[in-house]
Amino acid sequence: MPRTLPTRAHGDDTRGASRRDLPEPAVIIQETMPMGSVTALQRWPVKSMAGESLGALGLDRHGAVGDRKHALFDVFKGAPRRINAETVPRLLAWSAAYRGTDAAALQRDTLPQPTVTAPDGSVRRWDDPALPGALAQDLSREVTLVCEPRGQQDRPTTLHLTVGASLRAVEDALGEAVDVRRFRSNLHLELDAEAYAEESWLGRRLRVGDAELEIVEVCRRCAIPTRHPDTQQKWPALMRWLAAERATTFGVIVRATAPAVVRRDDTVTLL
């Protein structure tokens, strides 16, 4: 049955990296500050399950409202362990969404229980007594459903942001299309900037519509992006390339400076 876990928040695939761990970014000289727009917003109600694409997303001091608020735990070596798609790739075949809600809402305590859709298309609410059994059968392990109202990001109180030019640079290097959902970011931007320029902006801020986002650190990737978000098929070449060329980093971790709402097509400016 669902229970609330009153502990420190964590996440699934957004590990921070300090400057000294990173490849040297290119020196980029621009006469004006990069500008662009928000092209995609994603929220992931249940850690490592597929999420929801949104037109607007509420931000507060804990990150994206409702993001990674729920997670599954099993027992490993006699202790509870939060599972993710790195250890249980089948989780990606499940999806979760807050149906019938205002995605721009800023009050975490007003969010309903998420609706969870199984690979066979059956739909259950998070508090449905039958859900743990259905998950256990499909995932081949007993699981406990856990809710943490503040979210369960790896880097507490943050969001994950990716940029189109950097994604295309990875595609060009690998000679294949790369679905941005592999990286499970909350915001995806198109900017008038070179690939990986965002890595040189640590400590600066982006204005995104009415929000200001502080760029905290570069995101170090785990193995989850190697799994296709729809088929779960593994693509090891992606992680091998990221490890060899980008010190396993892609995207940046950001923090909202105040409660705000960001919307698809919002203008983005580097401050």
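The values are calculated or read from the model by the stated rules, or taken from the named source; none is laboratory data. The structure presented is a predicted model; accordingly, all values stated were derived computationally and were not measured. Please note: Cβ atoms are built from the backbone with ideal geometry, for glycine as well, and neighbour counts cover all protein chains shown.
Within the stretch 140-147, is even one residue part of a helix (DSSP H, G or I) and either within 20 Å of LEU92 (Cβ to Cβ) or of a type in the set (A, V, I, L, M) (or both)? Outline the logic, then answer.
Residues of the stretch 140-147 that are part of a helix (DSSP H, G or I), as a first pass: none.
No; the residues of the stretch 140-147 include none that is part of a helix (DSSP H, G or I) and either within 20 Å of LEU92 (Cβ to Cβ) or of a type in the set (A, V, I, L, M) (or both).
Quick one: which of ALA173, ALA165 is in a helix (DSSP H, G or I), out of contact with any strand residue (DSSP E or B) (no Cβ under 9 Å at 6 or more places or on another chain) and either more than 19 Å from ASP265 (Cα to Cα) or not basic (Lys, Arg) (or both)? Break it down stepwise before answering.
Details: ALA165 fails: out of contact with any strand residue (DSSP E or B) (no Cβ under 9 Å at 6 or more places or on another chain).
Matching residue, one of ALA173, ALA165: ALA173.
Could you grab me the full set of residues in the stretch 146-193 that are among the β-branched types (Val, Ile, Thr), closer than 15 Å to PHE250 by Cβ and in contact with a Gly (Cβ under 6 Å, 6 or more places away or on another chain)? So that I can check it myself, show each step before the final result.
Step one: of the stretch 146-193, the residues among the β-branched types (Val, Ile, Thr) are 146, 157-158, 162-163, 170, 178, 180.
Cutting the leftovers down to closer than 15 Å to PHE250 by Cβ gives us 162-163, 170, 178, 180.
The answer is THR162, and nothing else.
Restricting to the stretch 142-161, what's the tally of residues that are modelled with pLDDT under 95 and in contact with an Asp or Glu (Cβ under 6 Å, 6 or more places away or on another chain)?
Residues in the stretch 142-161 being modelled with pLDDT under 95 and in contact with an Asp or Glu (Cβ under 6 Å, 6 or more places away or on another chain): 1 in total.
This table checks each residue for (1) among the acidic types (Asp, Glu); (2) closer than 23 Å to ALA50 by Cβ; (3) over 19 Å from the mean Cα position of the chain (by Cα); (4) modelled with pLDDT of 95 or more.
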| site | (1), (2), (3), (4) |
| --- | --- |
| GLN233 | no, yes, yes, yes |
| MET239 | no, yes, no, yes |
| LEU242 | no, yes, no, yes |
| VAL254 | no, yes, no, yes |
| THR267 | no, no, yes, yes |
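Name the residues in the stretch 68-89 that are charged (D, E, K, R) and surrounded by 16 or more Cβ atoms within 10 Å (Cβ to Cβ), would you? Step through it out loud before you land on a result.
First, the residues of the stretch 68-89 that are charged (D, E, K, R): 68-69, 74, 77, 81-82, 86.
Once the filter is applied, which keeps residues that are charged (D, E, K, R) and surrounded by 16 or more Cβ atoms within 10 Å (Cβ to Cβ), the stretch 68-89 yields ARG68, LYS69, ASP74, ARG82, GLU86.
Which numbered condition trips up SER185, out of (1) without any contact (Cβ under 8 Å) to a residue 40 or more places away in the chain; (2) out of contact with any helix residue (DSSP H, G or I) (no Cβ under 7 Å at 6 or more places or on another chain)?
(1)
Would you be able to tell me the number of residues in the stretch 211-258 that are aromatic (Phe, Trp, Tyr) and surrounded by 20 or more Cβ atoms within 10 Å (Cβ to Cβ)? Outline the logic, then answer.
First, the residues of the stretch 211-258 that are aromatic (Phe, Trp, Tyr): 235, 241, 250.
Filter once more, so that each one left must be surrounded by 20 or more Cβ atoms within 10 Å (Cβ to Cβ): 250.
Number of matching residues: 1.
When the residues of the stretch 65-105 are filtered to those that are outside any strand (DSSP E or B) and of a type in the set (Val, Ile, Thr), which remaining residue is nearest to the chain's Cα centre (by Cα)?
At the first step, the residues of the stretch 65-105 found to be outside any strand (DSSP E or B) are 65-69, 77-78, 83-94, 98-105.
Restricting the remaining residues to those that are of a type in the set (Val, Ile, Thr) gives 65, 83, 87-88, 101.
Values: VAL65: 12, ILE83: 15, THR87: 17, VAL88: 17, THR101: 20 Å.
Restricting to residues being outside any strand (DSSP E or B) and of a type in the set (Val, Ile, Thr), the top hit is VAL65.
Looking at the stretch 17-39, is at least one residue over 24 Å from THR249 (Cα atoms), among the acidic types (Asp, Glu) and modelled with pLDDT under 60?
yes
From ALA177, ALA169, which residue is in contact (Cβ under 8 Å) with a residue 24 or more places away in the chain, at negative phi and either touching a His at 6+ places or on another chain (Cβ under 7 Å) or of a type outside the set (D, E, K, R) (or both)?
Numbers: ALA177 fails: in contact (Cβ under 8 Å) with a residue 24 or more places away in the chain.
None of the others qualify; the one that does is ALA169.
Counting only residues that are outside any helix (DSSP H, G or I) and touching a residue at least 40 places away in the same chain (Cβ under 8 Å), which one in the stretch 121-139 is farthest from the chain's Cα centre (by Cα)?
Looking at the filtered set, the residue picked out is PRO129.
Evaluate the stretch 107-120: report whether one residue or more is part of a strand (DSSP E or B), under 17 Å from the mean Cα position of the chain (by Cα), crowded, with 16+ Cβ neighbours inside 10 Å and not basic (Lys, Arg).
Checking the stretch 107-120: not a single residue is part of a strand (DSSP E or B), under 17 Å from the mean Cα position of the chain (by Cα), crowded, with 16+ Cβ neighbours inside 10 Å and not basic (Lys, Arg).
Just checking, how many residues over the stretch 51-64 are assigned to a strand (DSSP E or B) and either within 15 Å of HIS188 (Cα to Cα) or within 15 Å of the chain's Cα centre (by Cα) (or both)?
So in the stretch 51-64, the residues assigned to a strand (DSSP E or B) come out as 52-54, 56-60, 63-64.
Retained after the next criterion (residues that are either within 15 Å of HIS188 (Cα to Cα) or within 15 Å of the chain's Cα centre (by Cα) (or both)): 52-54, 56-59, 63-64.
Total meeting the criteria: 9.
Going residue by residue through the stretch 105-120, is there one that turns out to be within 20 Å of PRO225 (Cα to Cα), among the acidic types (Asp, Glu) and touching a helix residue (DSSP H, G or I) at 6+ places or on another chain (Cβ under 9 Å)?
Among the residues of the stretch 105-120, not one is within 20 Å of PRO225 (Cα to Cα), among the acidic types (Asp, Glu) and touching a helix residue (DSSP H, G or I) at 6+ places or on another chain (Cβ under 9 Å), which makes the answer no.
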